[in-house]
Amino acid sequence: MSAAAVEEPFEQRPLLGAAEQPTLLDVAELISNQFVGHRVEIVGSQITATPPPNASHGKSLSRLMRALFMAGLDEDDVLQNVGIWLPDGPSDYAVPDLSVVDADIDDHLIEYNCYDPAAFRLVLEVTSSNPSDDLKRKPTAYASAGVPVYVIVDRKNRRVMVLTDPKDGEYQVHAVHHPGQSFTLPDSIGASVMLSVDDVLAAKK
């Protein structure tokens, strides 16, 4: 995972009075300000703060982005660290490592620099030292949001998972790809993209 990037300044929330209880967004903002460089998310009404990624994590993302661009996707449609608003809770949001989005995503801003999930064609996470969120909580969150394709680069278990067909909070199709294999992402993302597991996982975890 990688740290959340603030693409445009959001209005500072007013100081809370003694009798007021902070919201999850208030707490998330406080954590983000205190732990500079961490990626703060609220998934399933739980706040997580992920430390900055290591170099091999970044290399995996670079290889993936290069493959997406070579397949013909526009640079403006392949973005890193863009927030997606989630329907599971009143303040839930995530910041995927990589997303393929619609060209008009700027028209779909909701709150807290996060965008309507309807503008996302694909979200992708490269696992970090603690992959449980990417493998357990986020599949439910992204499926509930209706994101058509969720890709997990699972560096610890040396595999790439492609989850598709979201329905009733679950992805109905789980395709698991192992070293030595290649696979093609769904055409619904806007291009025919073939990926090599060995290439994506070449950097050691």
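Data overview
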read-out	value
Candidates Leu61, Leu79, filtered to the one that is part of a helix (DSSP H, G or I), buried (at least 16 other Cβ atoms within 10 Å of the Cβ) and aliphatic (A, V, I, L, M)	Leu61
Selection from region 169-188 of residues that are touching a residue at least 24 places away in the same chain (Cβ under 8 Å) and surrounded by fewer than 13 Cβ atoms within 10 Å (Cβ to Cβ)	Ser188
Strands (runs of 3 or more DSSP E) wholly inside region 119-205 that include at least 1 residues being under 30 Å from Ile47 (Cα atoms)	120-126, 149-154, 159-167, 170-177
Residues being touching a residue at least 24 places away in the same chain (Cβ under 8 Å) and either closer than 27 Å to Val36 by Cβ or hydroxyl-bearing (Ser, Thr, Tyr) (or both) - total across region 55-72	9
Single residue of Ser99, Ser32, Ser2 found to be modelled with pLDDT of 90 or more and among the polar types (S, T, N, Q)	Ser99
The lone exception for Glu125 - which of (1) surrounded by 15 or more Cβ atoms within 10 Å (Cβ to Cβ); (2) modelled with pLDDT under 95; (3) of a type in the set (D, E, K, R) it fails	(2)
Which listed residue is within 25 Å of Ile105 (Cα to Cα), touching a residue at least 60 places away in the same chain (Cβ under 8 Å) and either in contact with a strand residue (DSSP E or B) (Cβ under 6 Å, 6 or more places away or on another chain) or surrounded by 21 or more Cβ atoms within 10 Å (Cβ to Cβ) (or both), from Ala191, Ala141	Ala141
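The values are calculated or read from the model by the stated rules, or taken from the named source; none is laboratory data. Computed from a predicted model, the values in this text were never measured in an experiment. Note: ideal-geometry Cβ built from the backbone for every residue, glycine included; neighbour counts use all protein chains shown.
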